[in-house]
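Colleague: Sharing a structure here in structure tokens format.
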Amino acid sequence: MRTAPDPTIAITAIDRSSMDRQLNEAVAIARTRAMGEGRQGILVTRHAYDSFTVSLSDAVPFGLTLEHQDW
């Protein structure tokens, strides 16, 4: 898992358990950031079978987490 300077976290999973663990950790980090700002929701985007990003998004209402398939 890699945290970029912006609020986007990139994840590359090697198996299902690491994918679940990394996504849970990334969403927890994003949730903490969202609570501090109080205006954005969390967007989890799947880019490939093993590639995801987790970010704060103005397109997602505060307090919600949405998933998006982009592959």
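Colleague: Among Arg46, Arg31, Arg16, whose mean-square fluctuation peaks in a Gaussian network model of the chain (Cα, cutoff 10 Å)?
Modeller: Arg16
Colleague: Could you tell me how many degrees, from 0 to 90 and to the nearest 10, lie between the Cα long axis of helix 16-37 and the main elongation axis, the longest principal axis, of the Cα atoms of the chain?
Modeller: 10
Colleague: Taking the number of other C-beta atoms within 10 Å as the exposure measure, put Met19, Met35 in order starting with the fewest.
Modeller: If I rank by nearby Cβ atoms, fewest first, I get Met35, Met19.
Colleague: Once you put a point 7 Å from the Cα of Thr32 and another 7 Å from the Cα of Thr12, both along the Cβ direction, what distance in nm separates them?
Modeller: 2.5
Colleague: Taking 2.2 N^0.38 Å as the expected size of a compact globular protein, what ratio does the Cα radius of gyration of the stretch 2-69 give against it, to two decimals?
Modeller: 1.04
Colleague: Quick check on the chain: helices-only [θ] at 222 nm, where DSSP H runs of length 4 and up contribute -39,500 (n - 2.57) each and the sum goes over total residues. Nearest 500, please.
Modeller: -11000 deg cm²/dmol
Colleague: Quick one: putting +1 on the C-beta of Lys and Arg, -1 on the C-beta of Asp and Glu, what dipole do you get for the chain around its Cα centre, in Debye to the nearest 20?
Modeller: Using only the charged Cβ atoms, the result is roughly 140 debye.
Colleague: Toward the positive end of the charge dipole of the chain, about the Cα centre and with charges on Cβ (Lys, Arg +1; Asp, Glu -1), which of Gly38, Ser18, Pro7 goes farthest?
Modeller: Working it through, the farthest residue towards the positive pole turns out to be Gly38.
Colleague: Among Phe62, Phe52, which comes first, then next, by fewest other beta-carbon atoms within 10 Å?
Modeller: Starting with the residue having the fewest Cβ neighbours, the order is Phe62, Phe52.
Colleague: Would you calculate the separation in nanometres between label points at Arg39 and Trp71, each defined as 7 Å from the Cα along the Cα-to-beta-carbon direction?
Modeller: Those two pseudo-labels are separated by 3.3 nm.
Every read-out reported here was derived from the displayed coordinates using simple, explicitly stated rules and does not represent laboratory data. These numbers come from a predicted model, not from an experiment. All Cβ positions, glycine included, derive from the backbone under ideal geometry; neighbour counts span all protein chains shown.
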